[in-house]
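Enquirer: Sharing a structure, written as structure tokens. Questions coming.
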Amino acid sequence: MSIFNFFRTQKKTVAEEAKERLQIVLAHERGAGSSPDYLPMLQKELLDVIKKYVRIDEDKVEVKLERGGDFSTLEVNIELPPPAVAAQRRRQAAAGGGVRPA
Amino acid sequence: MAKVIVMTSGKGGVGKTTSSAAFATGLALRGFKTVVVDFDVGLRNLDLIMGCERRVVFDFINVINGEAKLNQALIKDKRVENLFILPTSQTRDKDALSRDGVEKVLDELKKEFDYIICDSPAGIEKGALMALYFADHAIVVTNPEVSSVRDSDRILGVLASKSRRAEKNQEPVQEHLLLTRYDPERVERGDMLKVEDVLEILAIPLLGVVPESPAVLRASNVGMPVILDEKSNAGQAYLDAVARFLGETVEHRFMKPEKKGLLDRLLRRTA
Ligand SMILES: Nc1ncnc2c1ncn2[C@@H]1O[C@H](COP(=O)(O)OP(=O)(O)OP(=O)(O)O)[C@@H](O)[C@H]1O
Ligand SMILES: [Mg+2]
């Protein structure tokens with residue numbers, strides 16, 4: 001073993017890193033049901049449920065996935081509209097009026 | 001005005017994906033908002049080369065089919081500002097690429113980006129045709145090897161007859177030759193075609209010569225475009241090629257064997 005290899009053992013080699021990356025993606029691609037193809041459906045149904053309660057802008061939906069060896073995380077961020085009162089106050093402010101106390 | 005660049009070759013395995021990743025990263029490093037799109041439906045690999053394989057949620061085909069919004073499928077590179085990846089589907093096939101669908105997505109990308117790099121699959125079938133159809137520029141990736149040069153010639157014919165520019169009688173697609181996996185020592189020995197030979201046969205302007213380099217494999221192992229390995233000769237060759245693409249005059253390098261002294265050889269082994 002050369003002196004260079006000795007120092008390198010502290011860190012993962014690029015080949016080890018490659019193997020790990022492959023094991024993770026392939027584990028996700030192989031098994032039936034683990035395919036991420038259900039995501040469009042999942043997103044659609046999720047949005048349908050949320051739409052029953054609030055009006056949302058479909059452009060403001062962000063879905064993030066981070067695949068890991070032991071587990072993956074799916075993060076769904078949906079920007080909700082401002083509460084009705086705040087929206088009304090903003091409209092009044094824009095029109096030049098303040099919000100009068102009741 | 002956004003420019004569409006196709007990385008194409010006819011022949012498989014010559015370095016299209018490596019070059020797409022490097023070129024897109026190089027343009028983004030120069031401050032251009034750039035997206036690299038994987039057209040190799042069913043054989044997704046660009047995500048691995050760009051190192052974003054764990055973050056793919058939606059893909060190009062989902063966007064074409066209206067199953068996801070474009071900005072949900074775009075993956076922002078974590079290292080380089082202005083760089084985005086549009087991965088392709090691993091489960092469908094090339095028939096999922098309709099011309100109208102591709103056009104719709106490219107038109108939407110054109111509103112956001114300066115450069116759109118299309119990583120073509122090998123062959124001259126549907127996937128490759130879709131990747132080149134809307135191109136303004138074609139970077140023809142060629143290895144100094146007979147079958148690769150022949151296939152490049154064939155793809156030049158396809159560009160001249162089947163691209164949108166050809167069909168609509170517009171200015172032809174601008175062609176650039178990128179000669180990759182060049183081994184100056186084997187050229188010196190007469191074992192490999194010279195740059196000049198390839199240029200003489202294909203007769204299109206030379207964008208760059210990328211030497212055969214162990215840095216390419218190293219970079220792909222860790223999911224980093226090789227152009228970010230600025231110490232490597234392949235990385236530098238790609239940086240030069242990007243500069244030339246942007247109109248700068250940069251002398252060609254890496255075409256002659258490196259002189260190797262003993263000290264040089266020892267140092268190089270550790271690099
Ligand atoms: N300059 C180079 N030096 C050494 N190896 C290289 C170089 N360029 C590419 N390679 C290697 O060649 C192989 C093919 O590269 P790449 O995947 O980029 O080709 P491709 O044209 O996209 O292939 P496909 O037609 O299958 O899509 C890879 O193993 C890559 O690491
Ligand atoms: Mg490829």
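The values are calculated or read from the model by the stated rules, or taken from the named source; none is laboratory data. Remember, it's a predicted structure, so these values are computed and weren't measured experimentally. Glycine also receives a Cβ, built like all others from the backbone with ideal geometry; neighbour counts cover every protein chain displayed. Just so you know, the surface numbers come from the protein's heavy atoms only, side chains and all, with ligands and any DNA or RNA stripped out. Shrake-Rupley method; radii C 1.70, N 1.55, O 1.52, S 1.80 Å.
Enquirer: Can you tell me which residue within region B:111-123, out of those that are open to solvent by less than 50 Å² (accessible area, probe 1.4 Å) and more than 16 Å from ligand 1 (Cβ to nearest atom), is farthest from the chain's Cα centre (by Cα)?
Expert: My answer is B:Phe113.
Enquirer: Return the residues of region B:132-152 that are in contact (Cβ under 8 Å) with a residue 40 or more places away in the chain and more than 28 Å from B:Asp197 (Cα to Cα); say none if nothing qualifies.
Expert: B:Phe134
Enquirer: With the requirement that a residue be open to solvent by 50 Å² or more (accessible area, probe 1.4 Å) and at negative phi, what does region B:165-181 give you?
Expert: B:Arg165, B:Glu167, B:Lys168, B:Gln170, B:Glu171, B:Pro172, B:Gln174, B:Glu175
Enquirer: Now a separate question. Pairs, please: C-beta under 9 Å, at least 6 apart or cross-chain, first residue within 14 Å of chain A (Cβ to nearest Cβ) and more than 14 Å from ligand 1 (Cβ to nearest atom) and in region B:228-242, second assigned to a helix (DSSP H, G or I) and at pLDDT 95 or above?
Expert: Note: pairs meeting the criteria are B:Leu228/B:Ala22; B:Leu228/B:Thr25; B:Leu228/B:Leu29; B:Leu228/B:Ala219; B:Leu228/B:Gly235.
Enquirer: Yes or no: region B:53-75 includes at least one residue that is within 16 Å of ligand 1 (Cβ to nearest atom), under 19 Å from the mean Cα position of the chain (by Cα) and charged (D, E, K, R).
Expert: Checking region B:53-75: at least one residue is within 16 Å of ligand 1 (Cβ to nearest atom), under 19 Å from the mean Cα position of the chain (by Cα) and charged (D, E, K, R).
Enquirer: For region B:1-46, which residues satisfy the criterion of being more than 14 Å from chain A (Cβ to nearest Cβ), more than 10 Å from ligand 1 (Cβ to nearest atom) and among the small types (Gly, Ala, Ser)?
Expert: Passing the criteria: B:Ala2, B:Ala24, B:Gly26, B:Ala28, B:Gly31.
Enquirer: I'd like to verify a number: residues in region B:9-52 that are over 20 Å from B:Lys110 (Cα atoms) and of a type outside the set (Asp, Glu), how many?
Expert: Of the residues in that region, 23 qualify.
Enquirer: Of a type outside the set (Asp, Glu), at pLDDT below 95 and either under 30 Å from A:Leu65 (Cβ atoms) or away from ligand 2 (no atom under 16 Å from the Cβ) (or both), is that true of B:Gln174?
Expert: In short, no.
Enquirer: Let me ask you something else. Regarding B:Val198, is this residue among the β-branched types (Val, Ile, Thr), crowded, with 21+ Cβ neighbours inside 10 Å and more than 30 Å from B:Glu103 (Cβ to Cβ)?
Expert: When the stated conditions are applied, B:Val198 passes them.
Enquirer: Further question: Being within 16 Å of ligand 2 (Cβ to nearest atom) and in a loop (DSSP other than H, G, I, E, B) is the filter here, so list the residues in region B:183-227 that pass it.
Expert: Answer for region B:183-227, where residues must be within 16 Å of ligand 2 (Cβ to nearest atom) and in a loop (DSSP other than H, G, I, E, B): B:Gly223, B:Pro225.
Enquirer: Checking A:Ser34 against (1) in a loop (DSSP other than H, G, I, E, B); (2) more than 16 Å from the chain's Cα centre (by Cα); (3) at pLDDT 75 or above, which test does it fail?
Expert: (3)
Enquirer: Name the residues in region B:48-79 that are among the β-branched types (Val, Ile, Thr) and touching a residue at least 60 places away in the same chain (Cβ under 8 Å), would you?
Expert: B:Ile49
Enquirer: Moving to a separate point now. Within region B:3-57, track down each residue that is open to solvent by 10 Å² or more (accessible area, probe 1.4 Å), in a loop (DSSP other than H, G, I, E, B) and at pLDDT 95 or above.
Expert: B:Lys11, B:Gly12, B:Gly13, B:Gly15, B:Arg30, B:Gly31, B:Phe32, B:Lys33, B:Asp40, B:Asn45, B:Gly51
Enquirer: Residues of region B:75-110 being modelled with pLDDT of 95 or more, more than 16 Å from ligand 2 (Cβ to nearest atom), within 14 Å of chain A (Cβ to nearest Cβ) and surrounded by 19 or more Cβ atoms within 10 Å (Cβ to Cβ), which ones?
Expert: B:Ile75
Enquirer: Sticking with this one: For the structure I just gave you, tell me whether B:Ile61 is within 14 Å of chain A (Cβ to nearest Cβ), of a type in the set (A, V, I, L, M), farther than 18 Å from B:Val105 by Cα and part of a helix (DSSP H, G or I).
Expert: Answer is no for this residue.
Enquirer: I've got another one for you. Specify which of the listed residues (B:Ser147, B:Ser120) is of a type outside the set (A, V, I, L, M) and either at positive phi or within 16 Å of ligand 2 (Cβ to nearest atom) (or both).
Expert: Details: B:Ser147 fails: either at positive phi or within 16 Å of ligand 2 (Cβ to nearest atom) (or both).
Only one candidate qualifies: B:Ser120.
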